[in-house]
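Have a look at the structure below, then the notes.
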Amino acid sequence: MLTAWIRRIAMLWRRPAADRDLTDEILLHLQLETQKNIASGMPAAEAQRQARMAFGAIESIKEEHRDGRTSQLIEAVAADWRFAVRALRRHPALTITAVLTLALGIGANAAIFSVINAVVLRPLPFVAPDRLMMIGEDNPEFGWHQADAAPANYLDWREQVPAFSDVAAYPSSPDHVTLTGDGEPRLLAAASVTGNFFSVLGARAELGRTLDDRETWSTGLSVAVISHRLWLDEFHANRALIGQSVMLDGKRVQVVGVMPSDFAFPFEGTSVWQPTAWPRANRAQVWFRRAHWMKVIARVRPGISDAAANNEFQQVVLRLQHDYPATNRVMGATMTPLQQFLGRDVHTPLIVLVAAVGFLLLIACANVGNLLLVQAQSQRRESALRLALGGGRARLVRQALLHSLLLSCCGGVAGFAVSWIGTRALLRLQPEHLLPVSRIDIDLRVLGYLLLVTTAAGLLFGVVPALWLSRQMPGDVLRESGRGETVGRRARRWGDAMVVIEVSLALMLAVGAGLLVRSFLQLTRVNPGFDPQGVLAVSLSLPNSRYDSAATVVRFYDDLERRARALPGVISAASVSQPPFTSFAWSSQFAIAGRPTDGPAKDVVHREITPDYPLVMRVPLLRGRLFNAADGPNGPNVVLINAVIARTYFRGENPVGQRITFDRIPDSTSQWRTIVGVIGAEHQAGPDVEPRAEFLAPLAQNPGTAMYLVVRSNGDPTRLGGELRHAIAALDPQLAIMSMQTMTEIGAGAVAGQRFMLILLLAFAGTGLALSAVGVYGVMAHVARGRRREMSIRVALGAPSSGVRWLVVREGLRLATSGVALGIIAALLTTRVMASLLFGVPPVDLATFGSVTALLLLTAMTASWIPAVQASRADPME
């Protein structure tokens, strides 16, 4: 059967030659029959006539022969395709408008689907990625969910859960190492991972080997695996590098392997993987179970379901709560598929974007449907004649649908180009690390989706004109002679319905964009607790191999601050472990001297600063004093607290002079610190995150190698960049700068994700609003043309032009009002999905709904006014 159909379809391509052969064969037969008749005594003319009569109707025989060669339906469809192509070429303006409109809708859908495919649908490039689970810790007292794990807990999970074939861990944020040797020092992104990290993922080295499980613990040998990019850029693809040593942070490290070019985990841009190399004595330390900084990946054994593995895992979690009440009393843990975990931060934004591009495509389809409906109305007499002469309604419907499918295919081809450009633009414009992927490829899955959307769109916007054509009554149309309105009213009802749908969808898009605009404006009005203007932040990380004591660390930052203050234009300089809007370094519990310790746990964050930090950032001192030179390593342990701690734990009393410790239950080893001052609360993680309770300790008493130098200038802080680089190089020529940004830039980066979503939704909403305005204009222009005779008579009878214009505008406002009402109802139900993306604005915001409604009605009025003016200027004599 299939072979026969293929043969028949192939015959379509050979039809002209086959027709010529058939004609030649018929002529030969007639010639032979004529010669036979002449031989029997007939005159030539009579012999030819008799031959034709005996042969029969030539054209009928040709048709029967063609039916034997190929399917009549296939041939009819082929003819309909040719008819559709001619229709596109006959109306180039309509074709170009429709294709461009569809390209925007289809291209936007394909671009967003490409992101979803890369983030959610495409399997991770690991062995059996569906077996990989991310494990995070939960703590209801601290509000933790899927949080970083403590190393000791990770080790217990690995050893005590039989359902896991192996469990690996890596740090929650990338580290940096400085590569020295030839030329300038280079700062490289690094990850300190457990020795089984690569084997759990199933990743193999391109050269050499990966890390060994034994290297999770200190072996006395420093080794590293490097990225393919680093191997090319810095070592010129030298295959002899394996087994040789390089200088990382001033220490010799042996390169044991090079990873493939497509391996970029756990952080995009990682150049060096080193083993954790923990001292074995850490396993018994309380802090090893109290400190949480590891991401944990477990591989579930083959044949064991995720639910069964989780049951075994939860038994171990409960056992650890019982065995280690000091640290694990309420510490839970959850399993999540690795791919789902990696895409969790973009889950809600992707849902919103999918809805937005879906609405945009529906608006585009309604718009093109209206264009085709107007075209069908202009051709209704031709269609009626075809029906009156015996043409089938099914043939008219098929031709209309094929025409719309051909339009949609052209729009799909253009949409492919739009999606290709769009995905590249998304990657280029997205804030750093917003998407958990660095590449968005158009693969077979995306092409299949593109084909599906293109076909669905063609059927969607083509079905209305096709149904309208199928319901025509030839007699009514032919008797109309330009006077009747029955068919016109029916067509207008279809057009009106599509305009209402367009306006409602445009309102939903505009409301979503408006909510994000209001949310972003709220973010810009947040008082961050400091003054970012004129401040430059320089990130540094001192190598432990060369800065191996507290004294050397403190001396370096003291010298650097002194050199920075001496630069022209510098007002003040200080150091801080983590500036605002960059999250926080670490957290702990604490206890207050003289108070019971059996209450709920208290989770606070920590930063280390030098004395001038509040002056540089202009953070107000609320009580007590700031740090001074006396608060050094040999002085009493002191601490500053922020206003959140003061009002939460010291309400109604003066905290200055009271003592605290960073242990929940103090013991003989606890270090007590005296609160010497209270300062204002800075937003640590961003303007959209409320300030957390925070302790600030002097760097001299809690030295850390990774710090930021913050410098306030009386002009453009970026002009200090070169001089600060020279100052750092003068102190340590081998030290690389991790980053140099103004606090304004850091603040912009903290809201970059919201700004990116805002820009995308505004673009989609603007396009949808423009398309809906075009739709209103098209329908109103058609209405105005249809009522041109009526309006001319009104003008001739003395009706004012304003009254005539109002007839059209009122009709446009009626449609827009219906669309707005439908859109508001739908938006009230759908905007709740955006709640997690909003700040300081409820999903049902009356100001946003009201302003968007007014904007749409004004747009509809403007779109209706243009054809109304044209109609009112009609000359009655014409």
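The values are calculated or read from the model by the stated rules, or taken from the named source; none is laboratory data. Owing to the predicted nature of the structure, the values given are computational and were not obtained by experimental measurement. Positions of Cβ are backbone-derived with ideal geometry, glycine not excepted, and every protein chain shown enters the neighbour counts. Ligands, DNA and RNA are stripped out before the accessible areas are found, and what is left, the full protein with its side chains, is counted by its heavy atoms. Shrake-Rupley method; radii C 1.70, N 1.55, O 1.52, S 1.80 Å.
Computed quantities for the displayed model
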| read-out | value |
| --- | --- |
| Qualifying residue in the range 590-610 (condition: open to solvent by less than 50 Å² (accessible area, probe 1.4 Å), touching a residue at least 12 places away in the same chain (Cβ under 8 Å), more than 23 Å from Val286 (Cα to Cα) and outside any strand (DSSP E or B)) | yes |
| Residues of the range 210-260 that turn out to be without any contact (Cβ under 8 Å) to a residue 12 or more places away in the chain and hydroxyl-bearing (Ser, Thr, Tyr), as a count | 1 |
| Arg787, sole failed condition from (1) in contact with a helix residue (DSSP H, G or I) (Cβ under 9 Å, 6 or more places away or on another chain); (2) at pLDDT 65 or above; (3) open to solvent by 50 Å² or more (accessible area, probe 1.4 Å); (4) of a type in the set (D, E, K, R) | (2) |
| Given (1) modelled with pLDDT of 90 or more; (2) surrounded by 20 or more Cβ atoms within 10 Å (Cβ to Cβ), number of the condition Ile571 does not satisfy | (2) |
| Selection count where residues are open to solvent by 20 Å² or more (accessible area, probe 1.4 Å) and outside any helix (DSSP H, G or I), scope the range 93-144 | 13 |
| So Ser408, is it in a helix (DSSP H, G or I), open to solvent by less than 10 Å² (accessible area, probe 1.4 Å), at pLDDT 85 or above and polar (S, T, N, Q) | yes |
| Breaking point among (1) touching a Phe, Trp or Tyr at 6+ places or on another chain (Cβ under 8 Å); (2) under 29 Å from Pro174 (Cα atoms), for His347 | (1) |
| Any hit, the range 550-567, residues being modelled with pLDDT of 90 or more and in a loop (DSSP other than H, G, I, E, B) | yes |
| Boolean, Leu567 is touching a strand residue (DSSP E or B) at 6+ places or on another chain (Cβ under 7 Å) and over 30 Å from Phe849 (Cβ atoms) | no |
| Meets criteria (modelled with pLDDT under 85, among the hydrophobic types (A, V, I, L, M, F, W, C) and open to solvent by 30 Å² or more (accessible area, probe 1.4 Å)) for Val85 | yes |
| Residue check, Ala205 part of a strand (DSSP E or B), farther than 24 Å from Ser588 by Cα and in contact with a Gly (Cβ under 9 Å, 6 or more places away or on another chain) | no |
| Among the candidates Leu179, Leu207, residue that is open to solvent by less than 50 Å² (accessible area, probe 1.4 Å), over 30 Å from Arg283 (Cβ atoms) and touching an Asp or Glu at 6+ places or on another chain (Cβ under 9 Å) | Leu179 |
| Only one of Val500, Val526 that is more than 30 Å from Ala693 (Cα to Cα), in contact (Cβ under 8 Å) with a residue 60 or more places away in the chain and open to solvent by 10 Å² or more (accessible area, probe 1.4 Å) | Val500 |
| Residues that are in contact with a strand residue (DSSP E or B) (Cβ under 6 Å, 6 or more places away or on another chain) and part of a loop (DSSP other than H, G, I, E, B), drawn from the range 637-662 | Asn637, Pro655, Val656, Gln658, Phe662 |
| So Ser519, is it closer than 24 Å to Ser739 by Cβ and open to solvent by less than 30 Å² (accessible area, probe 1.4 Å) | no |
| Top-ranked residue of the range 647-687 - restricted to ones that are among the aromatic types (Phe, Trp, Tyr) and under 19 Å from Asn702 (Cα atoms), ranked as most open to solvent (accessible area, probe 1.4 Å) | Trp672 |
| Filter pass, Ala191 being buried (at least 16 other Cβ atoms within 10 Å of the Cβ), part of a loop (DSSP other than H, G, I, E, B) and within 31 Å of the chain's Cα centre (by Cα) | no |
| Residue within the range 575-588 that is small (Gly, Ala, Ser), touching a helix residue (DSSP H, G or I) at 6+ places or on another chain (Cβ under 6 Å), surrounded by 20 or more Cβ atoms within 10 Å (Cβ to Cβ) and closer than 23 Å to Met707 by Cβ present | yes |
| Conditions (1) of a type in the set (A, V, I, L, M, F, W, C); (2) at pLDDT below 80; (3) open to solvent by 20 Å² or more (accessible area, probe 1.4 Å); number of the one not met by Val477 | (3) |
| Sole exception among (1) under 41 Å from the mean Cα position of the chain (by Cα); (2) open to solvent by 30 Å² or more (accessible area, probe 1.4 Å) for Arg625, by number | (1) |
| Count of the range 688-708 residues which are closer than 30 Å to Arg546 by Cα and open to solvent by 10 Å² or more (accessible area, probe 1.4 Å) | 8 |
| Residues satisfying the stated conditions in the range 220-245, i.e. among the aliphatic types (A, V, I, L, M) and either under 22 Å from Ala203 (Cα atoms) or touching an Asp or Glu at 6+ places or on another chain (Cβ under 6 Å) (or both) | Val223, Ala224, Val225, Ile226, Leu230, Leu232, Ala237, Ala240, Leu241, Ile242 |
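Let's see how each residue does on (1) basic (Lys, Arg); (2) closer than 25 Å to Gln339 by Cβ; (3) at pLDDT 90 or above:
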| position | (1), (2), (3) |
| --- | --- |
| Gly250 | no, no, no |
| Val256 | no, no, yes |
| Pro260 | no, yes, yes |
| Phe267 | no, yes, no |
| Thr270 | no, yes, yes |
| Pro275 | no, no, yes |
| Arg280 | yes, no, yes |
| Ala284 | no, no, no |
| Trp287 | no, no, no |
